[in-house]
Amino acid sequence: MNIPDIIIAIDGFSSTGKSSFAKLIAREFGFRYLDSGALYRGVTLYAVEHGLIGDDGVIDTKALGEALPGIDLNFRSGKDGSKTYLGSRCIEKEIRGLAISRKVSPVSTLPQVREYVDRKLRELGRQRRVVIDGRDIGVTVFPDAELKIFMTAAPEVRAMRRMKEMQGKGEDVKFEDVLENVKERDYIDSHREVSPLAKADDAVVLDNSDMTLEEQMVWVKKLIAERFGDD
Ligand code: DC
């Protein structure tokens, strides 16, 4: 199916499978996939590695603000999809671990960090034909996106998915800890002052608690065909 040069914004709660879904949509339509959470995770990794977050979780916001313009985060696509890079170093694996997952929410509440990520995304999305996943893409970053999807699923379902994903990567995690992390992030993401997780008025809600990825693809292809198909 040929579709016009649109922006597809996929927002929603953590571990609703936004990135798997966004990647598949991007592949299906030949669009570029942009993972906004990976940029927040990359900034968090940088802060941890440069001693800008103490063991007590306190962030040196002044030093981080000064460092931001020089943090070279980017995406490179290889044979197994798009990967996140810090300069020339692939940081894909590190940014997905529990150590960064535990610290990323507070970092993502900082206005200067949000400005940095928003600017990067707008630059990367300038040519359109992108699928972007995040929390505030449809409301704040690309309010003019032609297709906005808001994803949700029960916390227990999301924690189970996350735990399996982490175990698959060899991390030894307990369900209770993962569930707690999911709920904690929901709370911070929905209640922060700057750009909280929010559904745009014109977003379509997708609750995938009981849906497979294949079923979600059937759903979205139908939606896209109805709205943007040329026949
Ligand atoms: O989607 P994720 O789990 O990789 O996101 C990591 C963190 O970044 C999460 O705590 C929410 C935050 N985030 C955000 O605030 N805004 C976005 N557009 C994307 C992610």
Checklist line | Translational D in µm²/s for region 62-117 (Stokes-Einstein at 25 °C, 0.890 mPa s, Kirkwood Rh from C-alpha pairs) | finding: 195 µm²/s
Note to self: I need the phi-derived Karplus couplings for region 21-28: 6.51 cos²θ - 1.76 cosθ + 1.60, θ = phi - 60°, integer Hz, Gly and Pro marked x.
What the structure shows: 5, 4, 4, 5, 4, 4, 5, 4
Check: GNM on the chain, C-alpha springs below 10 Å: top fluctuator among Glu184, Glu214, Glu156?
Finding: Glu214
Note to self: Give me the net charge for the shell around Ser14: Cβ to Cβ below 9 angstrom, other residues only, Lys and Arg +1, Asp and Glu -1.
What the structure shows: +3
Next item on the list: Name the residue farthest towards the positive end of the dipole of the chain from the options Ala47, Tyr85, Val173, assuming +1 on Cβ of Lys and Arg, -1 on Cβ of Asp and Glu, about the Cα centre.
Entry: Tyr85
Check: In 10 Å bins starting at 0, how do the alpha-carbon pair distances of region 117-231 split up by percent?
Finding: 12, 34, 36, 17, 2, 0
Next item on the list: Taking H placed 1.01 Å from N in the peptide plane, check which residues at least 5 places from Tyr33 or on another chain put their amide H under 5 Å from its amide H.
Entry: Val131
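What net charge is computed for the residues neighbouring Gly65, neighbours being all others with C-beta under 13 Å from the C-beta of Gly65, Lys and Arg scored +1, Asp and Glu -1? All intermediate terms of the calculation are to be shown ahead of the outcome.
Values: positive: Lys62, Arg114; negative: Asp60, Glu66, Glu115.
Here the charged neighbours net out to -1.
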Next item on the list: Work out how far the C-alpha atoms of region 1-130 reach from end to end along every principal axis, then list the three figures in whole Å, largest first.
Entry: 51, 29, 26
Check: Of Ala159, Ala203, Ala145, whose Cα points farthest to the positive end of the dipole of region 110-231 (charges on the beta-carbon: +1 Lys, Arg; -1 Asp, Glu; origin at the Cα centre)?
Finding: Ala145
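With the cut-off at 31 Å, tell me which of the pairs Lys169/Lys222; Lys62/Lys83; Lys62/Lys164; Lys62/Lys169; Lys174/Lys221 have Cα atoms farther apart than that. Walk me through the numbers before you get to the answer.
Working: Lys169/Lys222 34 Å; Lys62/Lys83 29 Å; Lys62/Lys164 37 Å; Lys62/Lys169 34 Å; Lys174/Lys221 36 Å.
The answer is Lys169/Lys222; Lys62/Lys164; Lys62/Lys169; Lys174/Lys221.
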Check: Taking region 103-167 as the region of interest, what is the percent of Cα-Cα pairs per 10 angstrom bin, listed from the shortest bin to the one with the maximum distance?
Finding: 17, 39, 34, 11
Check: Taking the Cα centre of the chain as origin and charging only Cβ (+1 Lys, Arg; -1 Asp, Glu), how large is the dipole, in debye to the nearest 20?
Finding: 600 debye
Check: About its Cα centre, what dipole magnitude does region 12-79 give when the only charges are +1 on Lys and Arg Cβ and -1 on Asp and Glu Cβ, stated in debye to the nearest 20?
Finding: 580 debye
Checklist line | Sequence of Asp230, Asp118 once ranked by neighbouring C-beta atoms within 10 Å, starting from the fewest | finding: Asp230, Asp118
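Please order Ile132, Ile188 by the number of other Cβ within 10 Å, starting at the fewest.
On the way: Ile132 26, Ile188 16.
Starting with the residue having the fewest Cβ neighbours, the order is Ile188, Ile132.
How about region 125-231: which trypsin sites (Lys or Arg not before Pro) there lie in a loop by DSSP and see at most 14 other Cβ atoms within 10 Å?
Those that pass, being in a loop and sparsely packed, are Arg126, Lys169, Lys174.
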Note to self: Springs between alpha-carbon pairs under 10 angstrom, Gaussian network model over the chain: which of Asp189, Asp172, Asp207 fluctuates most?
What the structure shows: Asp172
Note to self: Out of all DSSP beta bridges in the chain, what portion is antiparallel? Express it as a percent rounded to 5.
What the structure shows: 35 percent
Check: When Lys and Arg each count +1 and Asp and Glu each count -1, what net charge do the other residues less than 14 Å away from Lys183, Cβ to Cβ, add up to?
Finding: -3
Next item on the list: List the residues whose amide H sits under 5 Å from the amide H of Ile6, counting only those 5 or more places along or on another chain, with H placed 1.01 Å from N in the peptide plane.
Entry: Arg129
Check: Among Asp136, Asp186, Asp60, whose mean-square fluctuation peaks in a Gaussian network model of the chain (Cα, cutoff 10 Å)?
Finding: Asp60
Next item on the list: Quick one: Debye curve from the alpha-carbon atoms of the chain only, equal weights, vacuum; give me log10 I(q)/I(0) at q = 0.08, 0.14, 0.16 Å⁻¹ to two decimals.
Entry: -0.28, -0.90, -1.20
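Quick check on the exposure proxy: order Val194, Val107 from fewest to most C-beta atoms within 10 angstrom.
Val194, Val107
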Checklist line | Computed lengthening from Glu214 to Leu98, 0.36 nm per intervening residue step minus Cα-Cα distance | finding: 39.0 nm
Next item on the list: Sticking with the crude label model, points 7 Å out along Cα→Cβ, report the distance from Lys174 to Arg129 in nm, one decimal please.
Entry: 5.0 nm
Checklist line | Gain on full stretching of the segment that runs from Val205 to Thr61 - 0.36 nm per residue minus C-alpha separation | finding: 48.3 nm
Margin query: I'd like to compare 6-12, 83-89: which one has the highest average count of other Cβ atoms within 10 Å, and what's the full order after that?
Written below: 6-12, 83-89
Next item on the list: Can you tell me how much longer the chain between Asn74 and Asp230 gets when fully stretched, taken as 0.36 nm per residue apart minus their C-alpha distance, in nm with one decimal?
Entry: 52.8 nm
Next item on the list: Express the relative contact order of the chain as a whole percentage, based on alpha carbon pairs under 8 Å and six or more residues apart in sequence.
Entry: 34 percent
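Values in this text are rule-based calculations from the coordinates and carry no lab data. Bear in mind the structure is a predicted one, so any value in this text is a computation, not a measurement. All Cβ positions, glycine included, derive from the backbone under ideal geometry; neighbour counts span all protein chains shown.
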